[in-house]
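Here the structure is laid out as structure tokens; the discussion comes afterwards.
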Amino acid sequence: MDLEKREPARAARVRDRVRTADLADLQDDDPCPALDPESGLCDLYAARPITCRTFGPPVRCDSGVVGVCELCFIGASDDIIRDCIVDPDPDDLESALIEELAQATGARETTTVARALAVPA
């Protein structure tokens, strides 16, 4: 991870937060372990994963349903929302990450930022 090369102390703090977090019981409203608890800022922002980069714009799920952040699109027409839809993983990087996680942990699960951070560097 680039953060480990540039700021090893910060990277160590992120990994410590991940190790102490109960990833099996991480709830939607729990803070991401990548967030600095003092500042509330993301310690991985410059190298944030696809999930974090696509929060906000409309995203079409595998089921065809379009998920939209209501706070970003207040009063937007269906046409405007449709014009803003993004494909969050056009190169299918998540499948590669799931495979890497499976090899590292022995478990094949849907990825989350926290689980990806738990993979040894």
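The values are calculated or read from the model by the stated rules, or taken from the named source; none is laboratory data. Everything numeric here is computed off the predicted structure, so don't read it as measured data. No Cβ is skipped: glycine too gets one built from the backbone with ideal geometry, and neighbour counts run over all protein chains shown.
Tabulated values for the structure
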| read-out | value |
| --- | --- |
| Residue pairs meeting the criteria (Cβ under 8 Å; at least 6 apart or on separate chains; first modelled with pLDDT of 70 or more, in region 93-115; second among the small types (Gly, Ala, Ser) and in a helix (DSSP H, G or I)) | 97/116; 101/116 |
| So residue 11, is it in contact with a strand residue (DSSP E or B) (Cβ under 6 Å, 6 or more places away or on another chain), among the small types (Gly, Ala, Ser), surrounded by 11 or more Cβ atoms within 10 Å (Cβ to Cβ) and modelled with pLDDT of 80 or more | no |
| Of the criteria (1) within 20 Å of residue 98 (Cα to Cα); (2) at pLDDT 80 or above; (3) part of a loop (DSSP other than H, G, I, E, B), which one residue 19 fails | (3) |
